[in-house]
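Can you keep this structure in mind? I'll have questions shortly.
The values are calculated or read from the model by the stated rules, or taken from the named source; none is laboratory data. Note that the coordinates shown come from a computational prediction; the quantities given were computed from them, not determined experimentally. So basically every Cβ, Gly included, is an ideal-geometry build from the backbone, and we count neighbours across all protein chains shown.
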Amino acid sequence: MELAKNVALFRRTRELENQIDEFLDKLSQSALIFREAVGNFLADGASEEFEERLKHVNDLESKADSLRRSVETQLYTQTLIPESRGDVLGLMENLDSVLNDIEGALWSFSIEAPEIPAEFHGDFASLADKSTMAVESLVLASRAFFRDIEAVGNHNHKVLFYEKEADKVGTRLKRAIFASDLPLSRKAQLRNFVEVIDNVADMSEDVADRLSIYTIKRTV
């Protein structure tokens, strides 16, 4: 009987891990699509292709929400990994905030459709790339938290690296925008879109910081 209980618990835990893995897949996919969507916008504005990518991210976010709620339900109703339950829930909620920032950024592009001068396209694309890489590194760090906790730091430091690189590009871009001859209203709008993209990297860093704390708690 005891063996049967252990097998059942292992099976439920494995199902939980698979759902967390799937959630992380949705976040990673959203980040990659985000980078492509920003590229689409820079090339053609709020085109049909851009809107399709936005819809794809919306769908991924909805599926990720369902997975997060399922994980939360299992953690409480099936009393799985009680010693780490709070940390897992906190991590899932924080990761969901990153996905929400990605979705929100694309909605901002879709709604406001800012006119971005060609001379700023390179830095906008670079900023989106650095933010995407920060998310990708965070996803790897989060997977390591469940599979190989000693490897969390190896990925977390990359999150911090890409966040700092995004800050550098964002600062350079904002300086260039305000040094231009554009009307102040357009400068303010473009600065806002720099920050909208940079926020994805900033939130990734915040989650990485919290993940470091969760990791320390599990290893002491």
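Considering each residue of the range 160-208, count those that are over 26 Å from the mean Cα position of the chain (by Cα) and more than 16 Å from residue 126 (Cα to Cα), and give that number.
10
List pairs: first in the range 161-188 and buried (at least 16 other Cβ atoms within 10 Å of the Cβ), second at pLDDT 95 or above and of a type in the set (Val, Ile, Thr), Cβ under 6 Å, 6+ apart or cross-chain?
Once the first residue is buried (at least 16 other Cβ atoms within 10 Å of the Cβ) and sits in the range 161-188, its partners that are at pLDDT 95 or above and of a type in the set (Val, Ile, Thr) give 170/194; 173/194; 174/194; 187/177.
Within the range 101-108, is even one residue among the aliphatic types (A, V, I, L, M), under 17 Å from residue 33 (Cβ atoms) and in contact with a Phe, Trp or Tyr (Cβ under 6 Å, 6 or more places away or on another chain)?
Going through the range 101-108, the residues among the aliphatic types (A, V, I, L, M) turn out to be 102, 105-106.
Of the ones still in play, those that are also under 17 Å from residue 33 (Cβ atoms) are 102, 105-106.
Among the residues that remain, those that are also in contact with a Phe, Trp or Tyr (Cβ under 6 Å, 6 or more places away or on another chain) are: 102.
Scanning the range 101-108, I find at least one residue that is among the aliphatic types (A, V, I, L, M), under 17 Å from residue 33 (Cβ atoms) and in contact with a Phe, Trp or Tyr (Cβ under 6 Å, 6 or more places away or on another chain), so the answer is yes.
Could you check how many residues of the range 180-201 are closer than 26 Å to residue 31 by Cα and small (Gly, Ala, Ser)?
Residues flagged as closer than 26 Å to residue 31 by Cα and small (Gly, Ala, Ser) within the range 180-201 amount to 2.
Evaluate the following for residue 202: is it at pLDDT 95 or above, assigned to a helix (DSSP H, G or I) and within 27 Å of residue 113 (Cβ to Cβ)? Can you show your working first?
Numbers: at pLDDT 95 or above: yes; assigned to a helix (DSSP H, G or I): yes; within 27 Å of residue 113 (Cβ to Cβ): yes.
Taking the combined requirement at face value, the residue satisfies it.
Still on this structure: Condition check: polar (S, T, N, Q) and modelled with pLDDT of 95 or more. Does residue 84 satisfy that?
Numbers: polar (S, T, N, Q): yes; modelled with pLDDT of 95 or more: no.
Here the answer is no, as residue 84 does not meet what is asked.
May I ask you to verify whether residue 63 is closer than 15 Å to residue 110 by Cβ, among the basic types (Lys, Arg) and either in contact with a His (Cβ under 7 Å, 6 or more places away or on another chain) or surrounded by fewer than 18 Cβ atoms within 10 Å (Cβ to Cβ) (or both)? Steps first, please.
Numbers: closer than 15 Å to residue 110 by Cβ: no; among the basic types (Lys, Arg): yes; either in contact with a His (Cβ under 7 Å, 6 or more places away or on another chain) or surrounded by fewer than 18 Cβ atoms within 10 Å (Cβ to Cβ) (or both): yes.
Here the answer is no, as residue 63 does not meet what is asked.
Tally time: how many residues in the range 133-145 are in contact (Cβ under 8 Å) with a residue 40 or more places away in the chain and either on the phi > 0 side of the Ramachandran plot or crowded, with 21+ Cβ neighbours inside 10 Å (or both)? Outline the logic, then answer.
Of the residues in the range 133-145, the ones in contact (Cβ under 8 Å) with a residue 40 or more places away in the chain are 134-139, 141-143, 145.
With the extra rule that they be either on the phi > 0 side of the Ramachandran plot or crowded, with 21+ Cβ neighbours inside 10 Å (or both), the set shrinks to 134-135, 137-139, 141-142, 145.
Qualifying residue count for the region: 8.
Yes/no matrix, rows are residues, columns are (1) of a type outside the set (Lys, Arg); (2) assigned to a helix (DSSP H, G or I):
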{"site": "13", "(1), (2)": "yes, yes"}
{"site": "23", "(1), (2)": "yes, yes"}
{"site": "35", "(1), (2)": "no, yes"}
{"site": "40", "(1), (2)": "yes, yes"}
{"site": "46", "(1), (2)": "yes, no"}
{"site": "50", "(1), (2)": "yes, yes"}
{"site": "65", "(1), (2)": "yes, yes"}
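Only one residue in 182, 173, 160 is touching a Phe, Trp or Tyr at 6+ places or on another chain (Cβ under 7 Å) and farther than 20 Å from residue 220 by Cα, so which one is that? Outline the logic, then answer.
Values: 182 fails: touching a Phe, Trp or Tyr at 6+ places or on another chain (Cβ under 7 Å); 160 fails: touching a Phe, Trp or Tyr at 6+ places or on another chain (Cβ under 7 Å).
The conditions single out 173.
May I pose another question? Scan the range 34-47 and report the pairs whose first residue is within 16 Å of residue 136 (Cβ to Cβ) and whose second residue is at pLDDT 95 or above and of a type in the set (S, T, N, Q), with Cβ atoms within less than 7 Å and a gap of 6+ or a chain change.
Final answer for the pair search is 34/132; 35/132.
Also: Taking the range 146-160, which residues are in contact (Cβ under 8 Å) with a residue 12 or more places away in the chain, surrounded by fewer than 22 Cβ atoms within 10 Å (Cβ to Cβ) and hydrophobic (A, V, I, L, M, F, W, C)?
Residues satisfying the conditions are 146, 149, 160.
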